[in-house]
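One structure below.
The values are calculated or read from the model by the stated rules, or taken from the named source; none is laboratory data. Since the structure is predicted, the reported quantities are computational estimates derived from the model, not experimental observations. Note: ideal-geometry Cβ built from the backbone for every residue, glycine included; neighbour counts use all protein chains shown. When the accessible area is computed, the model is the full protein with side chains, heavy atoms only, and any ligands, DNA or RNA have been set aside. Shrake-Rupley method; radii C 1.70, N 1.55, O 1.52, S 1.80 Å.
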Amino acid sequence: FRQRLLIEGYYSVEVTRESLAAYLTGVAAHLGLRAYGEPAIFSPGGEGKAENQGFDAFLPLVDSGISAYVWTARKFVSILLYTCKGFDEVSAVDYTRRHFAIAGEIASASI
C-alpha cells in the first residue's frame, strides 16, 4: 500500500527553519504518522538565483516520509506526503492551509 499527496500553494506567513520544522512534526502527528528522526532542513544560503532561495526539508517516517520545498521570494510551498500507511487527505490539506495561511487556491493531487 502506498499513499502519496502533493500539496502546493502561495502562503502568507513568514516561513523560518523553526516554523517549517514545526509544520513537519505537526502534520505528521495530526495525521497519526510516526516520525523516527528530526526534520532535516537545508537552505542554499544565498547560492544560486535569488528567486530560488528558501528551504528544502524532509521528515523521515516509519512508513516513508514528508518532503517540503519552500520558495521564500515567491512565497510558494510544495509538499509531498509519501506513506505506506493511509491518512486523511482532506485533513492534511486543511492542516497545511492553516499552518501556512494559504488563503487562495491550494493545489493538491493524489499520485
Quick check, is E14 more than 14 Å from the chain's Cα centre (by Cα) and either open to solvent by 50 Å² or more (accessible area, probe 1.4 Å) or not small (G, A, S) (or both)?
yes
Could you give every pair whose Cβ atoms fall below 7 Å, whose first residue belongs to the stretch 19-42 and is among the hydroxyl-bearing types (S, T, Y), and whose second residue is part of a helix (DSSP H, G or I) and crowded, with 16+ Cβ neighbours inside 10 Å, counting only separations of at least 6 or pairs across chains?
Y23/H99
Among the residues of the stretch 38-61, is there at least one that is more than 18 Å from E14 (Cβ to Cβ) and β-branched (V, I, T)?
no
